[in-house]
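Read through the structure below, which is laid out as structure tokens, and then see the notes.
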Amino acid sequence: SCLLFTISIFFYFGRDLPAFNKLKSYQPPVVSKIFASDGNFLEEYSKENRVYTSFEKVPEKLVNAFIVTEDTNFYFHQGFDIKGIARAFLKNMSNFFNNKRPQGASTITQQVAKNILLTNEVSISRKIKEIILSMRIEKVMTKQKIMELYLNEIYLGNRSYGVTAASINYFNKSLSELNLQEIAMLAALPKAPSTYNPYRNPIKAMKRRNWVIKRLYDEGFISQDELEITTNKQINLREKSNLFKKKASYFKEAVRREII
């Protein structure tokens, strides 16, 4: 029967999955900062530029922006969204004949599973494993914890892993200081961080940011006044500067080799 076949598939691909319990104590690598003896900042080193932030310290509007952009049904599904999969399948059938890039249907939970526990291999088997692992994650973790891991793990371009590092690198602000248009800009980036990089492609970035703002309005998270005012605002970015000045270079290089 169909049910027996499905159970067999889940058993076969679920045997050798990474232990999902390690998510409970998972801590992604963060930035190491070096200071001189007088307290002045010298340098920072990391494989991935990240500052970990707990869910309680993330503004609600930022959470909502990522939900409407990446996974509208996040609080209602159990790891995967069957409607989203069906919608993506129909869209990809159309894209196939138009030579357009296929669309994914990964939930936020699936992205957590992929980013932390799986490889970037593109295959049906990996997708099945991703769904199985996502269902397991949903059973042992709260939605808030899953969102916390997602917001701290996701790559947002400009050497930024996680929303806190991205907020600093793009706007030189803490998360609590971000305004609506800046929040929308961060939520615009996961789909294609390079394509929508506001430094490199400001026009594409603004169009994508405005799409996020419209999604927030459509889902009832912002008013029409907020929609109209924010959509017309320009993107104000942190001025790029040489963050890696040549001071104490020998010492810094020795430290870098120990850390990286």
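The values are calculated or read from the model by the stated rules, or taken from the named source; none is laboratory data. Because the structure is a prediction, the values reported are computed rather than measured. Note: ideal-geometry Cβ built from the backbone for every residue, glycine included; neighbour counts use all protein chains shown. Only protein heavy atoms, including side chains, enter the accessible area calculation; ligands, DNA and RNA are left aside. Shrake-Rupley method; radii C 1.70, N 1.55, O 1.52, S 1.80 Å.
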With the first residue restricted to the stretch 178-196 and required to be of a type in the set (Gly, Ala, Ser), and the second required to be part of a loop (DSSP other than H, G, I, E, B) and open to solvent by less than 20 Å² (accessible area, probe 1.4 Å), Cβ contacts under 7 Å at 6 or more apart or on different chains are 194/157
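Per-residue answers, yes or no, for (1) closer than 17 Å to residue 141 by Cβ; (2) at pLDDT below 90; (3) of a type in the set (Val, Ile, Thr):
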| residue | (1), (2), (3) |
| --- | --- |
| 58 | yes, no, yes |
| 67 | yes, no, yes |
| 72 | no, no, yes |
| 82 | no, yes, yes |
| 90 | no, yes, no |
| 129 | no, yes, no |
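Rundown of residues vs (1) of a type in the set (Asp, Glu); (2) closer than 15 Å to residue 237 by Cβ; (3) more than 17 Å from the chain's Cα centre (by Cα), yes/no style:
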position	(1), (2), (3)
182	yes, yes, no
185	no, yes, no
189	no, yes, no
192	no, no, no
199	no, yes, yes
205	no, yes, no
210	no, no, yes
215	no, no, yes
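One line per residue, one yes/no per condition, for (1) touching a helix residue (DSSP H, G or I) at 6+ places or on another chain (Cβ under 9 Å); (2) β-branched (Val, Ile, Thr); (3) farther than 18 Å from residue 69 by Cα:
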{"site": "154", "(1), (2), (3)": "yes, yes, no"}
{"site": "166", "(1), (2), (3)": "yes, no, no"}
{"site": "183", "(1), (2), (3)": "yes, yes, no"}
{"site": "189", "(1), (2), (3)": "yes, no, no"}
{"site": "208", "(1), (2), (3)": "yes, no, no"}
{"site": "233", "(1), (2), (3)": "yes, no, yes"}
{"site": "236", "(1), (2), (3)": "yes, no, yes"}
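With the requirement that a residue be closer than 11 Å to residue 58 by Cβ and not in a helix (DSSP H, G or I), what does the stretch 159-173 give you? So that I can check it myself, show each step before the final result.
Within the stretch 159-173, the first condition is being closer than 11 Å to residue 58 by Cβ, and the residues that meet it are 162-164, 167.
Once the filter is applied, which keeps residues that are closer than 11 Å to residue 58 by Cβ and not in a helix (DSSP H, G or I), the stretch 159-173 yields only 162.
Would you check which residues across the stretch 158-177 are touching a residue at least 24 places away in the same chain (Cβ under 8 Å) and under 16 Å from residue 235 (Cα atoms) and list them?
Here is the first cut: in the stretch 158-177, the ones touching a residue at least 24 places away in the same chain (Cβ under 8 Å) are 158-165, 168-172, 175-176.
Correct list: 158, 168, 169, 170, 171, 172.
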Cβ pairs under 9 Å, 6+ apart or interchain, first in the stretch 216-232 and surrounded by fewer than 16 Cβ atoms within 10 Å (Cβ to Cβ), second at pLDDT below 95, ordered by first then second residue, are 219/72
Taking the stretch 194-210 and the residues there that are closer than 20 Å to residue 59 by Cβ and not charged (D, E, K, R), the one that is least open to solvent (accessible area, probe 1.4 Å) would be 198
Checked 131, 146, 183, 137 against criteria (open to solvent by 20 Å² or more (accessible area, probe 1.4 Å) and assigned to a helix (DSSP H, G or I)); the one match is 131
